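Structure first, then comments.
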Amino acid sequence: SNVVKDSDTLHIIHITAEMAPIAKVGGLADVVTGLARACLSRGHTVDIMLPFYECIQKDQMSELTLITSYDSFHDGKWVSTNAYHGTVTGIPVIFIEPSNHFFKGKSVYGGSYDEMEAYLFFSRACLEWMQAAFVQPDIIHVHEWQASAVPLLYWDMYHHLSLRKPRITLTIHNMEHYGECRQEQLSKCGLDGSVYATEDKAVDDRTIGHNPERLSLLKGGIVYSNAVVTVSPTYLKETLCSGWLASTLIKCHDKYIGILNGIDYAVWNPATDIFLPAKFNAKNLEGKRLCKYYLQKGLGLDLKGEETINRNDDVIDASVKVPMVVCITRLVAQKGLHLIIHAIKHVEKLGGQMIVLGKAPDRRVENEFKHLADLLNQGPNVRILLMYSEELSHMVYAAADIVLVPSMYEPCGLSQMIGMRYGAVPIVRKTGGLADTVFDIDDQSNQEMANGFVFEGIDERSLSWALDRAFYHYRENPDEWAGMVRKVMEIDNSWNNTAGKYIDVYNSVRVR
Ligand code: ADP
């Protein structure tokens, strides 16, 4: 293979609330696993530290061993804690299991414990473990607000104790979650919360009306980390222009950089994917047509279009071809809920088919989509599947002609990249990482990069216009479309392609 090996190798420890596939809620989980795997294959030493959630899928872990029993501080007491070592899809993981009630429950988030306090505990317990186990990595890579107390605890506590060598990189995957934390909560991990209640530390000038009682852990993390990364160049620009923490990021712009996420090609490969009944690649798309056929059949969708295709390739009447549009997403406001609902209706009107695979954490949103599902799932062209299913997601991407990502904002977005890898042409709203990965086919000035359909407005008409154009291309020019399918499949959005940028960041802050 053509994997780069770095001669000067580093030890990197990730501290994160999510990891694919055992504790995945969204893209964060995929990013941590994909980046870790890419760095491992370049010759670096990588560990991931993760809370030992009760809900973790243990069948995906191997060689689980208790490695350290130690105490970590919380709320005036020392809590006995176990660290286990295990391997998850080839990646070394250290699981932190406190003896209290933290991280118990049926899902990664939303247990009946105080989430802020649990992640403050976890952040300290990771550093405490490094100290107890005499482990000093070159880089501690923390993710999101959940691990943003680590840089504070490191520079104001553990660096004065025994940890000398590590330097800290923070990746911000989504700026909306800034980790609102009361002073007294921060104090529970052993820091003096009042010390951080200033604008040069953890109080943001925009959040919650300057209330010094309310800290932003993410802000503290930004201020205290050696390097701060966000997940696409366009999102970086957007975060400097408006929103929470913009002024902080402007002040920190020398250490703030945008690196586009990759996708994990070990997981997302239509040529080897174990979840697919038929495999395919850019040179042979027969398997993709079969996947579409099987999924339509399995979900009881109307088969007219595909049967015509299967029986006789040459006499397809373009007008009966049924484009399959898919949307695989958490159903939250960020993802453009009104546009997803509009797409369902508009695709039907255009004579296409649509599958939504999504989980709604909010009861009201769930009911709205349930209502739509009751209305439409009996019909021939729409399936709204309100669940989280990794397995089904592979099948849906493989069956898709078009992958829709109409987000209001999108730091990076993995769905459009996964879709492309599986031969689905993307339709996206021009925001964040979507703007960095999808370029409009009808833009004559950029035909070289052209790989999908892009719209800008947040109104229904803007989306309709993009869908209309996609359906037009699909139906009127099948050869052009087939060329586009091959083109999007051959774009290299792998971590191998972008992990080097993270290595450069690590090298720029490490201590030699
Ligand atoms: P976010 O991190 O905001 O959720 P991303 O596009 O970065 O958005 O990542 C979403 C990831 O989660 C993708 O891998 C997508 O395929 C997956 N995903 C989202 N919803 C579902 C679902 N209901 N079932 C299976 N996978 C899902």
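Key figures
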| quantity | calculated |
| --- | --- |
| Packing-based ranking, highest mean first, of 404-416, 445-457, 388-400 given that Cβ atoms within 10 Å are counted | 404-416, 388-400, 445-457 |
| Cα principal axis extents for the range 29-159, largest first, Å | 42, 36, 26 |
| Cα centre as origin, Lys/Arg/Asp/Glu Cβ charges: the chain dipole, Debye | 400 |
| Neighbourhood charge, 15 Å Cβ-Cβ cut-off, centred on Asp192 and excluding it, Lys, Arg +1 and Asp, Glu -1 | 0 |
| CD proxy at 222 nm, helix term only [per DSSP H run n ≥ 4: -39500 (n - 2.57); per residue of the chain; nearest 500] | -10500 deg cm²/dmol |
| Proximal charge balance of Ser407 [Cβ under 9 Å; K/R count +1, D/E count -1] | +1 |
| By average C-beta atoms within 10 angstrom, highest first, the peptides 24-34, 50-60 | 24-34, 50-60 |
| C-alpha long axis of helix 337-349 to longest principal axis of the chain, angle in ° | 10 |
| Helix 115-132 axis, angle to the chain major axis (alpha carbon atoms, nearest 10°) | 60 |
| Relative contact order %, the range 314-452, counting alpha carbon pairs below 8 Å whose residues are six or more apart | 22 |
| Descending semi-axes in whole angstrom, ellipsoid equivalent of the range 286-493, from the Cα gyration tensor | 23, 22, 15 |
| FRET efficiency, Asp75 to Ser508 (Cβ-Cβ, R0 35 Å, nearest 0.05) | 0.40 |
| Selection of GluC sites (Glu not before Pro), the range 65-136, meeting DSSP coil and at most 10 other Cβ within 10 Å | none |
| Backbone HN-Hα couplings from phi across the range 390-397 [Karplus 6.51/-1.76/1.60, Hz, Gly and Pro as x] | 4, 4, 5, 4, 4, 5, 5, 4 |
| Met49 long-range amide H proximity, modeled H, under 5 Å | His14, Ile15, Thr16, Ile94 |
| Table column - 3J(HN,Hα) (Hz), the range 99-112, Karplus curve with 6.51, -1.76, 1.60, x for Gly and Pro | 7, 8, 8, 4, 6, 8, x, 7, 9, 4, 10, x, x, 8 |
| Radius 14 Å from Cβ of Asp205, net charge of other residues (Lys, Arg +1; Asp, Glu -1) | +2 |
| Among 322-332, 12-22, the order from most to least packed when residues are scored by Cβ within 10 Å on average | 12-22, 322-332 |
| Pair Ile250, Gln334: separation of 7 Å Cα→Cβ label points (nm) | 2.4 |
| Lys/Arg +1, Asp/Glu -1 at C-beta; the range 54-201 dipole; positive extreme among Phe102, Tyr113, Ile140 | Ile140 |
| DSSP bridge pairs, the range 9-134: antiparallel proportion in percent, nearest 5 | 70 |
| Beta bridges by DSSP in the chain, antiparallel share as percent, to the nearest 5 | 35 |
| Rounded FRET efficiency, nearest 0.05, which uses the C-beta distance separating Arg469 from Val4 and R0 of 45 Å | 0.70 |
| Sequence-separation-based contact order of the chain, relative, with Cα cut under 8 Å and 6+ spacing, percent | 12 |
| Convex hull of Cα atoms in the chain, direction-averaged projection (nm²) | 23.7 |
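Laboratory data are not the source of any read-out in this text; all were calculated from the coordinates shown. Source: prediction; values computed, not measured. When we count neighbours, we look across all protein chains shown, and the Cβ atoms used for this are built from the backbone with ideal geometry, even at glycine.
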